[in-house]
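Take a look at the structure set out below.
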Amino acid sequence: MSCSTSKISNYRASGWCSGGRDWRVGVKCTDGQHYYSGISSGRGTKYAACGNGKVTHYWVDQW
């Protein structure tokens, strides 16, 4: 499964995966918290946004 992520604003990131395993997008924000998209097992795009603060890191979890 191939995946990619991008920061689309100071507060939001997107991720895309080709499917085949469960995956989600995660962000770490300047409030010290981690926020996640919903979990998907298919091809497509998901989004994660900070509840407070700005995005410092972003990634895709796969399992």
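The values are calculated or read from the model by the stated rules, or taken from the named source; none is laboratory data. Every value quoted in this text rests on a predicted model; they were computed, and no experiment measured them. Here the Cβ is made from the backbone with ideal geometry for all residues, glycine too, and neighbour counts use every protein chain on show. These area figures cover heavy atoms from the full protein model, side chains too; ligands, DNA and RNA do not enter into them. Shrake-Rupley method; radii C 1.70, N 1.55, O 1.52, S 1.80 Å.
Which net charge results for the neighbourhood of residue 63, defined as the other residues with beta-carbon distances under 10 angstrom from its beta-carbon, given Lys and Arg at +1 and Asp and Glu at -1?
Details: positive: 21, 24; negative: 22, 61.
Overall, the nearby charge balance is 0.
Can you classify the chain as rounded, prolate or oblate using the Cα gyration tensor, where a ≥ b ≥ c are the square roots of its eigenvalues, rounded means a/c under 1.5, and otherwise it's prolate if a/b beats b/c and oblate if not? Display every interim value, and only then the final one.
Details: a/c = 2.61, a/b = 2.07, b/c = 1.26.
In terms of gyration-tensor shape, prolate.
Compute the signed sum of charges (Lys and Arg +1, Asp and Glu -1) over the other residues within less than 14 Å, Cβ to Cβ, of residue 11.
On the way: positive: 7, 12, 28, 54; negative: 31.
So the environment of residue 11 carries a net charge of +3.
In the chain, carbon and sulfur make up what percent of the accessible area (probe 1.4 Å)?
Ligands and nucleic acids excluded, carbon and sulfur give 43 percent.
State the cysteines of the chain left without a partner when partners are defined as other cysteines whose beta carbon lies under 4.7 Å away.
Singleton cysteines: none in the chain.
Summing Lys, Arg as +1 and Asp, Glu as -1, what charge do residues with Cβ under 14 Å from the Cβ of residue 42 carry, residue 42 excluded?
Here the charged neighbours net out to +3.
What number, in percent, do you get for the relative contact order of the chain if the mean sequence gap of Cα pairs under 8 Å and at least 6 apart is divided by its residue count?
Numbers: 178 pairs, mean separation 24.3, N = 63.
Relative contact order, the chain: 38 percent.
Using modelled amide H (1.01 Å from N, peptide plane; none on Pro or chain starts), what sits under 5 Å from the amide H of residue 31, excluding residues fewer than 5 places away?
Answer set, sorted by chain and number: 54.
Could you report the range 8-63's accessible area per residue, 1.4 Å probe, as an integer in Å²?
Value returned for the range 8-63: 57 Å² of accessible area per residue.
Starting from the Cα-Cα distance between residue 52 and residue 1, subtract it from 0.36 nm times their residue separation and give me the gain in nm to one decimal.
Details: separation 51, 0.36 × 51 = 18.36 nm, distance 3.13 nm.
Full extension from residue 52 to residue 1 adds 15.2 nm.
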